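The values are calculated or read from the model by the stated rules, or taken from the named source; none is laboratory data. Keep in mind the model is a prediction, meaning the values are calculated, not measured. Every residue, glycine among them, receives a Cβ derived from its backbone with ideal geometry; neighbour counts consider all protein chains shown. All accessible areas refer to the heavy atoms of the entire protein, side chains included, with ligands and DNA or RNA removed. Shrake-Rupley method; radii C 1.70, N 1.55, O 1.52, S 1.80 Å.
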Amino acid sequence: MPYNKRKTALFAILVLLFFAVLFSPQDRMYPELNPAPWENMPITVYIDDRDIPAHYSPSYRTQVEKALEYWGNGGNGKLGYTPEFKIIEEDNADILVMWVENLEEDAGVRNGVAGFARPYEANGRYEHVDIVLETGNYQGYSWKQYGDASMREIAKHEIGHALGLGHSNDRKDIMFPTYDQMDDIDPLLLQKTLPLIVLGLLAGSALIFYHGGGWLRSRRKRERLEKDIFGEKEK
């Protein structure tokens, strides 16, 4: 084949590949574990905030509730149905959410896994799903507590698995298999130091008020002295 014809053919192939990738259905790159995992609605959820590890923060329950709300409002738009949830206080719920201190130590998973969802399936439907989340991980030899925003994103991801979704190859999608640390605020440390922060703010406000009041008293005193010495100013 002449050089010019080979060059033209190669260019045509590259153009076809470009458009094939550009217009390929995104669903092919987004596998579902189960497109219709739950037979009945609402899906009952038990959030175990009783049997908890040492670094559990009470604010984590709120983050799971927000994650449930996220999926109830449509989530990432990849579900073929609209889930409804009902939080109950019984551990025989459809979805059980629990915490451990560290998954690497407590469950033997590889380092970097912050949570997992384990479905129990029968006849193509989920009978029950256990979601296990860790409270933090080690960075070198130091312990790193997950902040509330990180816990919320981890919970969203694992609830997505419990709703039948697999991993996405889109880094911006909540179902991407790795996560970015959302914040560095230790919720337990914040709870311990919050009274001191509030006390400091109150003390600072009192100090500003005291000095502000002293400045006003000094100004009024100076105005009275000026009035006594120089008399009333002409208006």
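Results, tabulated for the structure shown:
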quantity	calculated
Test for Val132: is it β-branched (Val, Ile, Thr), in contact with a strand residue (DSSP E or B) (Cβ under 9 Å, 6 or more places away or on another chain) and free of Cβ contacts under 8 Å to residues at least 12 places away in the same chain	no
Leading residue by the ranking (nearest to Gly140 (Cα to Cα)) among those in segment 76-113 that are open to solvent by 70 Å² or more (accessible area, probe 1.4 Å) and touching a Gly at 6+ places or on another chain (Cβ under 9 Å)	Glu104
Unmet criterion (only one of (1) open to solvent by 70 Å² or more (accessible area, probe 1.4 Å); (2) more than 19 Å from Tyr56 (Cβ to Cβ)) for Pro119	(1)
Count - residues of segment 32-64 that are open to solvent by less than 20 Å² (accessible area, probe 1.4 Å) and assigned to a strand (DSSP E or B)	4
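Every residue, every condition in (1) under 21 Å from Pro177 (Cα atoms); (2) at pLDDT 95 or above, yes or no:
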| position | (1), (2) |
| --- | --- |
| Leu68 | yes, yes |
| Pro83 | no, yes |
| Leu103 | yes, no |
| Ala114 | yes, no |
| Lys144 | yes, no |
